[in-house]
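A short worksheet on the structure shown next.
The values are calculated or read from the model by the stated rules, or taken from the named source; none is laboratory data. Not measured: the values here are computed from a predicted model. Please note: Cβ atoms are built from the backbone with ideal geometry, for glycine as well, and neighbour counts cover all protein chains shown.
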Amino acid sequence: MHIPSLTFNIASGYLKLVESYSLHDILFQISAAMRFLVLFYGKKEHKKSIFVKEESLIMIQRIQTLWLLVAAVILLGLFVFPFVSFIDLVGLGKQIYVTGIYSSNNNESVRESASIALAIYAGIVTIIPLLIIFQYKNRKRQVLFIMVEIVLVVLLGIWMWSTAHTTLDVINQKLQAGNIGVGFFLLPVAIIFLGMAIGGIRNDEKLIKSADRLR
């Protein structure tokens, strides 16, 4: 058999084998291979380093990481969807976003006023879940930060309600169910996923305590 043909067959077989594994399985196999090489051929400081990296890889794959990512994506939707829609006194349709008030003119959205402070605050609230992911080495701190994030989301909702109430009060309108946009509903959904992340972290705590008792 020619070498190019043999190489092609080996590569094809390897690709089929890889396709049969999930990403988690592949990462686990790579991690196991690295551990084997370091244990038999590595220096002492390298052995310690590989165990630390493996622990980081495992912890970053926990279910709470997914929930925190979903919460961040949902909060990012505040910059895409309005939280209030209404019609002004002259019959012009308007929407309130965290970035400001926009009006529809000839099928184009035109910003009439900006809400810089609200936009910055919403941006910070959106980024925090991503930062919490990298606190996986301290699960108690993760839970504390998530609880703080939930409070910040609630405060954001109050700020948005106050902004909507002030804007509508100028034209003698009130905030009603028909005015509420998608943006308002994103907040409770994000809080639900943040709560699920706390549940995932506490499950990890239980598993670790169980493992410690078995030792």
### Query
Can you name every residue in region 58-95 that is modelled with pLDDT under 90, part of a helix (DSSP H, G or I) and among the small types (Gly, Ala, Ser)?
none
### Query
If you go through region 116-133 one residue at a time, do you hit one that is free of Cβ contacts under 8 Å to residues at least 60 places away in the same chain and more than 30 Å from residue 69 (Cα to Cα)?
no
### Query
Considering region 67-106 alone, what residues qualify as being closer than 15 Å to residue 120 by Cα and polar (S, T, N, Q)?
99
